[in-house]
Amino acid sequence: MEVRALGKTGLPVSVVGLGCWQLGAGWGEVTDADAMETLHAAADSGVTFFDTADAYGDGRSERFIARLLKERPGEGLVVATKCGRRVPQETANYTPTALKEWAKRSQDNLELDTIPLTQLHCPPDGVYETDAVFDTLDGLVADGVLGAYGVSIETVAQGLRAIERPGVSTVQVIFNAFRLKPLEQLLPACAAANVGVIARVPLASGMLSGKYDETTQFPSNDHRNFNRHGEAFNVGETFSGVPYEVGLEATRRLQGVVPEGWALSEVALRWCIDARGVTTVIPGARNASQARANAAVGGRPALPDAVIAEIKATYAEMIAPYVADRW
Ligand SMILES: NC(=O)c1ccc[n+]([C@@H]2O[C@H](COP(=O)([O-])OP(=O)(O)OC[C@H]3O[C@@H](n4cnc5c(N)ncnc54)[C@H](OP(=O)(O)O)[C@@H]3O)[C@@H](O)[C@H]2O)c1
């Protein structure tokens, strides 16, 4: 497993991390036992970076990670959490008091004195313009509550604005074969500013595994059922905002260039890892076998040029019209 420094934090992290939203809620049923098994399978496979949020299962995901850290001391595991999504999404709710309370709650859930990295969790536009937010985060770093902070963003424009703030160490962005816009400006700008890039939703919510079809049913407590049209949160977080049938069609086209011995999910992850500017990719996993398969991509070779060309052509011809102007 390749290891890279996570932007200004300097923390060494595996190029394949683990997205831990699934271990909280919102993806159908994941039992406590499955959650812990998934975390350990990832760590056994060389994953050292775990992305979570205070909102995932209202702290359930963070509390599993606390258990993992206690069960595997001294292994250099790094947790990144997020804050801000447990209140109505208004800039006025991002007060210094609230930011301090959110950090304290994550400290308690994670059972850590210092949270290595916290991220504003796709905040409203006004937050990016609010000095008090960033001053408070700087203060939390100075006090040792946070090791560092970053921003999880929805749009490229927000990412470019975020990295103007000198205290921002990382940016988390949707980057996958259905979201190529970050390649143009955001990834080069982050590289130039030594801002770590955490590529989320690398499998377009599982679409880029190639395992779904027109008959696939998702449970009622899975966002791929209840947020298909953005009913609960930004529609871009569900299948990357690509209409389901369009995603299926594009995925079938990509299946045609998967090299022998690879799975489409592996191609999708390797594509992210090798994009210049990306530090780590954080596929979500609902079970240990997914976590192991995804981690193994950290030791795979780069993709052939023809595959990269087909990903770019598929995006340009089939996907860009649905996403490029929005995010
Ligand atoms: N606003 C934010 O900051 C934000 C938003 C979204 C995500 N995130 C973070 O990013 C992480 C990753 O994004 P995501 O989980 O939304 O989407 P994702 O990683 O693109 O997709 C995850 C889904 O892909 C499927 N999958 C994973 N590994 C597989 C494999 N080896 N073979 C076949 N299928 C596989 C699983 O689907 P099935 O469940 O169908 O098996 C899994 O639930 C999250 O866990 C979270 O930590 C952050």
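Before moving on, here are some points about what is shown:
- Flag if Arg179 is within 29 Å of Tyr315 (Cα to Cα), of a type in the set (Lys, Arg) and crowded, with 24+ Cβ neighbours inside 10 Å: yes
- When restricted to residues that are surrounded by fewer than 18 Cβ atoms within 10 Å (Cβ to Cβ) and in a loop (DSSP other than H, G, I, E, B), the range 301-315 contains 3.
- Residues of the range 272-300 classified as surrounded by 21 or more Cβ atoms within 10 Å (Cβ to Cβ) and either modelled with pLDDT under 95 or in contact with a strand residue (DSSP E or B) (Cβ under 8 Å, 6 or more places away or on another chain) (or both), total: 15
- Residue check, Ile282 β-branched (Val, Ile, Thr), touching a helix residue (DSSP H, G or I) at 6+ places or on another chain (Cβ under 8 Å) and within 20 Å of Val197 (Cβ to Cβ): no
- Among the residues of the range 39-54, those identified as closer than 18 Å to Leu112 by Cβ, more than 10 Å from the ligand (Cβ to nearest atom) and of a type outside the set (A, V, I, L, M) are Thr48, Phe49, Asp54.
- Here Gly76 does not fit the description of being on the phi > 0 side of the Ramachandran plot and buried (at least 23 other Cβ atoms within 10 Å of the Cβ).
- Enumerated helices (runs of 4 or more DSSP H) restricted to the range 39-149, each holding at least 3 residues that are out of contact with any Leu (no Cβ under 7 Å at 6 or more places or on another chain) and farther than 20 Å from Gln172 by Cβ: 60-71, 96-110, 131-142
- Some residue of the range 140-159 being modelled with pLDDT of 95 or more, over 29 Å from Phe239 (Cα atoms) and touching a Phe, Trp or Tyr at 6+ places or on another chain (Cβ under 9 Å): yes
- Count of residues meeting criterion [within 11 Å of the ligand (Cβ to nearest atom), in contact (Cβ under 8 Å) with a residue 24 or more places away in the chain and surrounded by fewer than 24 Cβ atoms within 10 Å (Cβ to Cβ)] in the range 207-223: 7
- Test result for Asp125, within 16 Å of the ligand (Cβ to nearest atom) and either under 20 Å from the mean Cα position of the chain (by Cα) or without any contact (Cβ under 8 Å) to a residue 12 or more places away in the chain (or both): yes
- Residue in the range 94-107 that is within 25 Å of Pro219 (Cβ to Cβ), crowded, with 21+ Cβ neighbours inside 10 Å and within 15 Å of the ligand (Cβ to nearest atom) present: no
- Residues in the range 164-189 that are more than 16 Å from the ligand (Cβ to nearest atom) and without any contact (Cβ under 8 Å) to a residue 40 or more places away in the chain were compared, and the one that is farthest from His121 (Cα to Cα) is Glu184.
- Considering residues of the range 128-161 that are within 15 Å of the ligand (Cβ to nearest atom) and within 30 Å of Thr314 (Cα to Cα) only, the residue surrounded by the most Cβ atoms within 10 Å (Cβ to Cβ): Val151
- When the range 264-300 is filtered for residues that are within 22 Å of Leu39 (Cα to Cα) and assigned to a loop (DSSP other than H, G, I, E, B), the ones remaining, listed by number, are Thr279, Ile282, Pro283, Ala285, Arg286, Asn287, Arg300.
- Top-ranked residue of the range 2-38 - restricted to ones that are within 11 Å of the ligand (Cβ to nearest atom) and small (Gly, Ala, Ser), ranked as surrounded by the fewest Cβ atoms within 10 Å (Cβ to Cβ): Gly28
- When Ala199, Ala204 are checked against the criterion of being under 18 Å from Ile319 (Cα atoms) and either in contact with a strand residue (DSSP E or B) (Cβ under 6 Å, 6 or more places away or on another chain) or in a strand (DSSP E or B) (or both), Ala204 stands alone in meeting it.
- Test: residue in the range 238-246 that is in contact with a Leu (Cβ under 7 Å, 6 or more places away or on another chain) and surrounded by 15 or more Cβ atoms within 10 Å (Cβ to Cβ): no
The values are calculated or read from the model by the stated rules, or taken from the named source; none is laboratory data. What you are looking at is a predicted structure, and each value in this text was computed from that prediction instead of being measured. Quick reminder, even Gly has a Cβ in these numbers, built from the backbone with ideal geometry, and neighbours come from all protein chains shown.
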